[in-house]
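Scroll down for the structure; my scribbles are underneath it.
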Amino acid sequence: MEFKTEKISEQIRKSISDFSPKAHVFEVGTVIALGDGIVRVSGLENAMSGELLEFETGALGMVLNLEEDNIGVVLLGHEDGIKEGGIVKLTGKMVEVPTGDALIGRVVNALGEPVDNRGPIRTNTRRPIEREASGVITRKEVSVPLQTGIKAIDSMVPIGRGQRELIIGDRQTGKTAICIDTIINQKGKDVLCVYVAIGQKASTVAHIVKTLTDFDAMKYSCVVVATASDTAPLQYMAPYSGCAIAEEWLEQGKDVLIVYDDLSKHAVAYRAMSLLLKRPPGREAYPGDVFYLHSRLLERAVRLDDAYGGGSITALPIIETQAGDISYIPTNVISITDGQIYLEAELFNSGIRPAINAGLSVSRVGGTAQNKFMKKISGPIRLELAQYRELASFAQFGSDLDKDTLDRLEQGKRITEILKQPQYKPLSAPHQGIILYAVTNKYLKDIPVDKVLQYEAQLFDFIDLEHSYILEDLRLRKELTEEIEQKLIEILKEFGKNFII
Amino acid sequence: MAETVGSVTHAKVITATIISLDKQNEIKEQLEKVLNKSVILEVLEDKSLIGGLKIIVDGLVIDKTIKNDLEELKKYLYSVEGDMNGI
């Protein structure tokens, strides 16, 4: 590529001549107090709530408190250089972020500025981060599945496109892992993904971005980051910015998955900001509107009617509990979402990963968002697992039990074993259907529990190599017809004969 | 703030080069006409403005300086509209 200096200077001349300076008159106020990231400004009588302001240093601030004789502004940049008596300008704009396809594959901060060193975001569309959720009439029932690729979830707590499903658990129980696996599984499924990291370590986010890149997921994802070192206002804004980015695609009729990791840190950042703004503290020192903080965010996850584009935003908020205690914020978010996936540290430590507690986890959309064959096949699983849990305490008695109880215990052990899944290995719906069919129809009855996963791996290899047509059939028909079921039984019998322990 | 007490207000006029007393009075009269108040002028010099005039009065900034125009131009060139596509 040859750079002709005349061409460049001609372009610059043209750009300059196209330019005409706009406003010369600005409304200004003066800084009267500054501290802890909050600035009190006097004047600016026309400031709007949530409006963006500019300080002399170029730093931006957001108007949050409108009081009789001053405005409470939260700083979105650094305090350095802002002086008492300094000038503050109105920008006339609400806080907005750039949106559009230019954001795919990028890592941006809560203001939409790129932080991945790959140049500016070139886009013509911008959206305010705060927006009212879609009305009742514009919505449609959730009926299309969002495949997470995780057996335990897709069978027992299925998620649909447009649903909000909470992922809740103690620290280090695999919450983020479930969301990352779900994002990885959206490859080739026409779903765009947004991952919002709130208050996390920058190293953790870097690791996640690397994982997503390695699995080619960045080709359909965008990451919004507000790390622990970013100011509380930026951490507060990040989920809303992510949602605005998702809404642009929603209105184009696309399906979007958005992960908020995690909302507990979001609530903490909001609490810090509110206390500094001298808003009265409520329960656990959270401000009175902390429910509204999350409800207005999660209500923006929606499935739109075809008349409005037919797009959807599926939200997977994450909440971290302390020692399994469901306190104020977790209770709030549970009541907002359409179900929760409850992860337990005990299950995790005993090797059951994903550590999903099937008894406490629920999806209020449930079967409506499942393929017919998954619905049929996973019907018995929940029941058999529940029975197993009830009888598990009798397992210590071993041979003193009747045959029926022993059978149930053995079946429960195998189901538990089959629901284990390694990280970064999401399974397609047909694969899941096949192995769950095998388990619920007792094809694994005589396989020792510790060889069950080996059976699964070899079964998949066998089918992928010699009978892949059945995967296509299931994928296209989405139903377990008599014909497909017959073929499947034959395959399982054939495999069973040749399976060597 | 003690800028406007009754119908008297304080205005800052900042220029790159010193302006004559005549010009200062002209500005004072214009401001008094527009604001309908009597104006106390404070004239300051700031070479970094390069040229033009900046008036700060009553919560308003009227900025017609070359420095401001250059700042706006810079923002424009960095933005999408003014960006030099293809280079």
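Conditions tested, residue by residue: (1) within 14 Å of another protein chain (Cβ to nearest Cβ); (2) without any contact (Cβ under 8 Å) to a residue 24 or more places away in the chain; (3) exposed (fewer than 12 other Cβ atoms within 10 Å of the Cβ); (4) not small (G, A, S).
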site: A:V25; (1), (2), (3), (4): yes, yes, yes, yes
site: A:V28; (1), (2), (3), (4): yes, no, no, yes
site: A:V39; (1), (2), (3), (4): no, no, no, yes
site: A:S49; (1), (2), (3), (4): no, yes, no, no
site: A:M94; (1), (2), (3), (4): no, no, no, yes
site: A:P98; (1), (2), (3), (4): yes, no, no, yes
Worksheet entry | Selection status of A:G282, of a type outside the set (D, E), farther than 26 Å from A:N109 by Cβ and free of Cβ contacts under 8 Å to residues at least 24 places away in the same chain | yes
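Sort out which residues of segment A:430-449 are hydrophobic (A, V, I, L, M, F, W, C) and part of a loop (DSSP other than H, G, I, E, B), and write them in order of number.
Filtering segment A:430-449 down to residues hydrophobic (A, V, I, L, M, F, W, C) leaves A:434-436, A:438-439, A:444, A:447, A:449.
Within segment A:430-449, A:L444, A:I447 meet the criteria.
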Worksheet item: Does A:L444 fit the bill of being within 28 Å of A:Q387 (Cα to Cα), in contact with a Lys or Arg (Cβ under 9 Å, 6 or more places away or on another chain) and either surrounded by 15 or more Cβ atoms within 10 Å (Cβ to Cβ) or touching a residue at least 24 places away in the same chain (Cβ under 8 Å) (or both)?
Response: yes
Worksheet item: Mind checking which residues of segment A:246-263 are out of contact with any Pro (no Cβ under 8 Å at 6 or more places or on another chain) and part of a helix (DSSP H, G or I)?
Response: A:A246, A:E247, A:E248, A:W249, A:L250
Fill in: Selection count, segment A:211-244, where residues are within 23 Å of A:V268 (Cβ to Cβ), touching a strand residue (DSSP E or B) at 6+ places or on another chain (Cβ under 8 Å) and aliphatic (A, V, I, L, M)
9
Discussion item. A:I82 - would you say it is within 13 Å of chain B (Cβ to nearest Cβ) and farther than 28 Å from A:Y195 by Cα?
Written reply: no
Item to complete: Would you point out which residue out of A:I167, A:I208 is in contact with a strand residue (DSSP E or B) (Cβ under 8 Å, 6 or more places away or on another chain), hydrophobic (A, V, I, L, M, F, W, C) and not in a helix (DSSP H, G or I)?
Response: A:I167
Worksheet entry | Which numbered condition A:T173 fails, given (1) surrounded by fewer than 23 Cβ atoms within 10 Å (Cβ to Cβ); (2) of a type outside the set (K, R); (3) assigned to a loop (DSSP other than H, G, I, E, B) | (1)
Worksheet item: For segment A:8-15, does any single residue satisfy the condition of being over 22 Å from B:E71 (Cβ atoms), over 37 Å from the mean Cα position of the chain (by Cα), within 11 Å of chain B (Cβ to nearest Cβ) and without any contact (Cβ under 8 Å) to a residue 24 or more places away in the chain?
Response: yes
Worksheet item: In segment B:52-87, which residue that is at positive phi and more than 8 Å from every other protein chain (Cβ to nearest Cβ) is modelled with the highest pLDDT?
Response: B:G52
Practice prompt. Scan A:K413, A:K478 and give me the residue that is modelled with pLDDT under 85 and surrounded by 15 or more Cβ atoms within 10 Å (Cβ to Cβ).
Written response: A:K478
Worksheet item: Residue check: is A:V88 part of a strand (DSSP E or B), touching a residue at least 12 places away in the same chain (Cβ under 8 Å), within 14 Å of chain B (Cβ to nearest Cβ) and not acidic (D, E)?
Response: yes
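Quick check on A:I329: is it under 19 Å from the mean Cα position of the chain (by Cα), surrounded by fewer than 17 Cβ atoms within 10 Å (Cβ to Cβ) and part of a helix (DSSP H, G or I)?
Details: under 19 Å from the mean Cα position of the chain (by Cα): yes; surrounded by fewer than 17 Cβ atoms within 10 Å (Cβ to Cβ): no; part of a helix (DSSP H, G or I): yes.
When the stated conditions are applied, A:I329 does not pass them.
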Item to complete: Output the residues belonging to segment A:104-143 that are of a type in the set (V, I, T), in contact with a helix residue (DSSP H, G or I) (Cβ under 7 Å, 6 or more places away or on another chain) and either buried (at least 17 other Cβ atoms within 10 Å of the Cβ) or in a loop (DSSP other than H, G, I, E, B) (or both).
Response: A:I104, A:V107, A:I121, A:T123, A:I129, A:T138, A:V142
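The values are calculated or read from the model by the stated rules, or taken from the named source; none is laboratory data. Please read these numbers as outputs of a predicted model, since none were measured by experiment. Note: ideal-geometry Cβ built from the backbone for every residue, glycine included; neighbour counts use all protein chains shown.
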